[in-house]
Amino acid sequence: MPSANDPLDWPGYPESVARARQATGAEESVTYGQVLIGDTDVMLIEFDFRFLGGSVGTATGDRLVHALATARAHGLPVVSLLATGGSRMQEGMFSLLQLRRVARECHLNSESGVPHIAVLRNPTTGGVWASLGASADVILGVAGAQVAFGGRRVRSVEDADHPAFTAEGQYQAGLIDAVVTSESLPTAVAAWLELLTGGTPEPAEVPKALGNTEVPATGWEAVTRARATGRPRAQAYLESYFDTYELLSGDRAGGVDPGMLCGIGWRGGRSIAFAAQTGTATRAAGYRTASRLITMADRLGIPVLTLVDTPGAANDPASESAGLAAAISGVFTAVAAAHIPVTTLVIGEGGSGGALALAGAGRTWITPDAYFSVIAPELAAAILKREPGAAPELADRLRLRPQDLLDLGIVDGIA
């Protein structure tokens, strides 16, 4: 007869569970409890692949729901160590329904500001990856791990061992934040826990300018200085500003933009999140990554620093097909909706809406090596049907120098 633990009366299922319990010493494929990682109390959830492939049945779902709800009730960050083949076949749709329960608890935790770090071990496949794993704030993949929604046995022979179905492949596609080794994993998790829980409500301090200290004499000088190859870029500012920092990677939608550096850093005993353009034309994936970072920081009470440095948004066909306008809109919305303060420093080119999207209203500064403009002078000449040689004149008319922007009230100060 069917029972709560064997709802389909599957032949041999109770015996399989008994053997798994004897082999692992655990009651189910998931164990959980409060532990100390570094200096942070966390709710640790661990899957054991030896227990029926780390699969999720009704009893497993009960455990996951209780662990996540307990973390929320006590304000504990969640660290989940995944190693699973997905749903448990012997419980049919009862097993699959657990994913919806888990997804709901993850959502409630996210709304409550509970940080979640997911670690993808070998293998991490199926609905657990699509519910518990992929919804985490920070996702770390163990090097060499199989990571995919569809497990190896349900893929075609041709695709069975495709590199896309690995932690490395998921990282390259912008779906996880970092690939770590088993040896470096404890240090990485402890560092991220400190960063995710170290926010305070005070705004981020404005970074000091690293380049010239004198403002440019003309608009065209401002443009040429901002475009100079030797000018300090985002990475130099991050290394000067933070004691240490960790990078997030990708937009969780299949895209990575190396021209947008996002992450969280440690400065003066607290966490500050950052989204920093590196001087290239920003792509849709870059804007979506910035939106993800700002939204996450807002939920976790971490102030944000943005570094603006782009000639503008990328305007190639691939960027348009990737939803560029919607991605830029997402950043405008994330900044506008944020309850935490967003501090902005323009460190180079500030080209059009692709730059303005990252600027926090009322907290925007500029360095002497930078400009901020409705559009680049050359493009203004094209729009106004002027000769290309008119760009230097238009640079003055656009009032894009740091001191012009300060006089006009566009920026709050010159760093």
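Only the coordinates and a few stated rules stand behind these numbers; no lab work does. No experiment lies behind these values; they were computed from the predicted model shown. Methodologically, a virtual Cβ is constructed for each residue, glycine included, from the backbone with ideal geometry; neighbour enumeration extends over all protein chains shown.
Structure notes:
- Backbone N atoms of the range 184-218 closer than 16 Å to the 7 Å Cα→Cβ label point of LEU384 are not found in any residue.
- Evaluated with a Cβ-only charge set (Lys, Arg +1; Asp, Glu -1), the chain carries a dipole of roughly 420 debye about its Cα centre, given to the nearest 20.
- In the range 219-414, a dipole from Cβ-located charges (positive for Lys and Arg, negative for Asp and Glu) runs towards its positive end, and of GLY360, GLY301, GLN277 it is GLY301 whose Cα lies farthest in that direction.
- Annotation: extensible slack from LEU406 through PHE332 equals 24.4 nm (criterion: 0.36 nm per residue apart, minus Cα-Cα distance).
- Computed from phi, the 3J(HN,Hα) profile of the range 42-57 under the Karplus parametrisation 6.51, -1.76, 1.60 (θ = phi - 60°) reads 9, 9, 9, 10, 10, 8, 10, 5, 5, 8, 6, x, x, 6, 10, x Hz, with x in place of Gly and Pro.
- Using a Förster distance of 30 Å, the FRET efficiency for THR213-SER112 (Cβ separation, nearest 0.05): 0.10
- Counting only DSSP H runs of at least 4 residues, each contributing -39500 (n - 2.57), and dividing by the residue count of the chain, the helix-based mean residue ellipticity at 222 nm comes to -10500 deg cm²/dmol.
- Cut-off 16 Å, label 7 Å out along Cα→Cβ of ALA191, residues of the range 22-45 by amide N: 38-39
- Helix 324-337 axis, angle to the chain major axis (alpha carbon atoms, nearest 10°): 90
- Backbone geometry of the range 83-100 corresponds, through the Karplus equation with coefficients 6.51, -1.76 and 1.60 at θ = phi - 60°, to 3J(HN,Hα) couplings of 6, 7, x, x, 6, 8, 4, 5, 10, x, 5, 4, 5, 4, 4, 5, 5, 5 Hz, x marking Gly and Pro.
- Once each of the GluC sites (Glu not before Pro) sitting in a DSSP loop with at most 15 other beta-carbon atoms within 10 Å is removed, the chain keeps 215-415 as its longest stretch.
- Modelled label reach - VAL65, point 7 Å along Cα→Cβ, the range 90-134 residues with backbone N closer than 13 Å: 94-106
- Put the Cα centre of the range 23-92 next to the Cα centre of the range 201-270 and the gap is 39 Å.
- Lys/Arg +1, Asp/Glu -1 at C-beta; the chain dipole; positive extreme among GLN98, TRP129, LEU405: GLN98
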